[in-house]
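Since the structure comes first, as structure tokens, the remarks are kept for the end.
The values are calculated or read from the model by the stated rules, or taken from the named source; none is laboratory data. Keep in mind that what you see is a predicted model, and the values were worked out from it rather than measured. No Cβ is skipped: glycine too gets one built from the backbone with ideal geometry, and neighbour counts run over all protein chains shown.
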Amino acid sequence: MAICDRDGVGASCVVWRVIGIGVIVVAMSSVLVHAQWRQWGGPNRNFRVKTKGLAEEWPKDGPKRLWHKELGVGYSGIVIDDGVLYTMYRKTMTTPEEFTVALNAKTGEQVWQHANPAPLVERPDERWGGQGPNSTPLIEGDRLFAVGSRSVLHCFDKKTGEVLWNHDLVRELNAPLDRHCGHCCSPIAYKDMVIVAVDRERPEEHSEEFRVPKAETLGKMEGQTLAAFKQATGELVWMGLDFRIGYSSPILIHFAGSDQLVFSTRGGLIGVDPNNGHLLWHHPVIAREMTPVWNKKRSLLFYTSHSGSTLGLTIKLTQKDGRTVPEEQWLNRKIKIGIPTPVRVGDFIFGATDRLLMCVNMRTGKRVWAKRGYPEASCVYGDGKLIILDQDGRLTLATVTPEKLNVHSQCTITEKYSLTAPALVGKTLYVRDRKHIMALDLGAATKD
């Protein structure tokens with residue numbers, strides 16, 4: 001069976017040839033692929049990487065551990081560039097400050113770290129975020145951008161850790177403090193800007209304004225759902241929209257000749273012009289956690305949530321009279337994938353929640369198979385293999401097709417709760433749980 005697709009920032013074609021129970025990926029290419037992992041979701045923000053030479057199976061005790069060290073709490077993701085990895089953490093659940101840290105990617109040794117005051121929240125959820133930090137930093141050129149749990153945006157010199165500029169979004173813009181998980185949305189770069197989720201203080205959560213934000217007209221909308229700052233100086237370029245943010249992160253797609261930011265807000269999915277923040281389209285749906293998944297070839301966006309009402313859906317973007325129009329293709333309340341963003345391969349979505357790993361046909365909404373035993377699992381796809389890390393700390397190496405899941409190796413490598421999505425650079429997998437961070441060699445063993 002053949003599955004071909006074109007990603008939003010590059011072209012790829014994955015051809016499945018099933019021989020017995022094996023899957024051979026015979027072609028995979030991408031126009032815009034970097035050797036490093038510089039942002040949430042990896043090179044193209046979709047948890048897929050171009051790499052080769054991964055092992056077909058692991059020893060019983062798991063892949064070789066290159067290094068391992070204690071770090072601290074929080075679910076901030078890992079970004080890597082020029083042999084250095086960056087993330088954020090809090091030393092303990094009761095430490096009233098958090099750190100942005102740079103570590104040598106080969107050894108785990110600290111290069112620099114920066115402490116920032118981060119007062120504790122009143123009612124933390126230990127499993128789903130605790131005190132944070134939970135946002136993933138962003139690397140652009142020689143700069144590192146990081147948003148802490150208390151919504152303070154820092155721009156660092158990535159080599160030295162020097163603070164180049166910062167914005168306290170709560171103090172300066174009256175952004176609300178999330179007292180459940182803290183700020184979780186990861187920043188994204190566009191041209192010479194860094195774009196972050198902001199939000200504003202609002203009436204109680206069950207008000208009509210919260211459930212269905214008013215967006216009858218397109219174009220400029222006053223508010224502060226998103227804000228764009230110049231990367232070099234921190235100067236505000238634009239700010240607008242009036243949708244309440246959740247825990248997902250925006251993605252960048254290219255549709256009908258133009259770039260769009262797609263963002264999952266609590267008032268629905270929105271498309272935004274990244275040049276000026278103008279609203280291009282809005283599709284009302286209960287949305288909160290998961291970042292939408294884009295299929296450029298089909299002009300489809302997949303979204304699912306397990307908060308409020310359980311549902312999965314796909315909308316198709318079309319161009320009518322010079323405007324982008326979202327059209328719902330299907331809605332299936334039995335499709336449920338949790339907080340970790342799933343991975344798309346061709347027209348098929350792979351993701352897990354509530355101990356169920358599933359494959360969903362993005363075009364039809366049909367769940368074509370499901371396997372139990374995968375609680376809240378994050379996935380990374382590379383070299384024709386799906387690497388799965390579940391919240392219990394179990395790592396799985398598998399190949400997947402629309403017909404079945406083939407598990408090659410499994411091992412427990414971390415403690416509960418492992419809710420940070422791993423990062424894959426070359427043959428090295430970087431993983432963290434609430435207390436530790438480590439590097440694993442996923443390469444095939446070489447013969448002497």
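Things to note:
- Exactly one residue among Lys296, Lys336 is charged (D, E, K, R) and modelled with pLDDT of 95 or more, and that residue is Lys296.
- Identity of the residue in segment 70-129, exposed (fewer than 13 other Cβ atoms within 10 Å of the Cβ), closer than 25 Å to Ala377 by Cα and in contact with a strand residue (DSSP E or B) (Cβ under 7 Å, 6 or more places away or on another chain), that ends up modelled with the highest pLDDT: Glu70
- Tallying residues that are hydrophobic (A, V, I, L, M, F, W, C) and surrounded by fewer than 16 Cβ atoms within 10 Å (Cβ to Cβ) within segment 34-66 yields 1.
- Filter result (within 20 Å of Thr94 (Cβ to Cβ) and buried (at least 23 other Cβ atoms within 10 Å of the Cβ)) within segment 132-157: Gly132, Pro133, Asn134, Gly148, Ser149, Arg150
- Strands (runs of 3 or more DSSP E) contained in segment 38-128 and holding at least 1 residues charged (D, E, K, R) and under 30 Å from Lys296 (Cβ atoms): 79-81
- Qualifying residue in segment 217-235 (condition: in contact with a helix residue (DSSP H, G or I) (Cβ under 9 Å, 6 or more places away or on another chain), part of a strand (DSSP E or B) and modelled with pLDDT of 95 or more): yes
- Strands (runs of 3 or more DSSP E) contained entirely in segment 159-205, each with at least 1 residues that are more than 23 Å from the chain's Cα centre (by Cα): 163-168
- Complete set of residues in segment 324-354 that are of a type in the set (S, T, N, Q) and in contact (Cβ under 8 Å) with a residue 40 or more places away in the chain: Thr324, Thr341, Thr353
- Scanning segment 405-434 for residues that are crowded, with 19+ Cβ neighbours inside 10 Å, in contact (Cβ under 8 Å) with a residue 60 or more places away in the chain and of a type in the set (D, E, K, R), we see that the one that is nearest to Pro59 (Cα to Cα) is Arg432.
- Subset of segment 347-382 that is part of a loop (DSSP other than H, G, I, E, B) and crowded, with 22+ Cβ neighbours inside 10 Å - its residue that is modelled with the lowest pLDDT: Glu376
- Subset of segment 167-181 [in contact with a strand residue (DSSP E or B) (Cβ under 6 Å, 6 or more places away or on another chain) and surrounded by 17 or more Cβ atoms within 10 Å (Cβ to Cβ)]: His167
- Among the residues of segment 296-328, those identified as of a type outside the set (Val, Ile, Thr), assigned to a strand (DSSP E or B) and surrounded by fewer than 17 Cβ atoms within 10 Å (Cβ to Cβ) are Lys316, Gln319, Lys320, Arg323, Glu327, Glu328.
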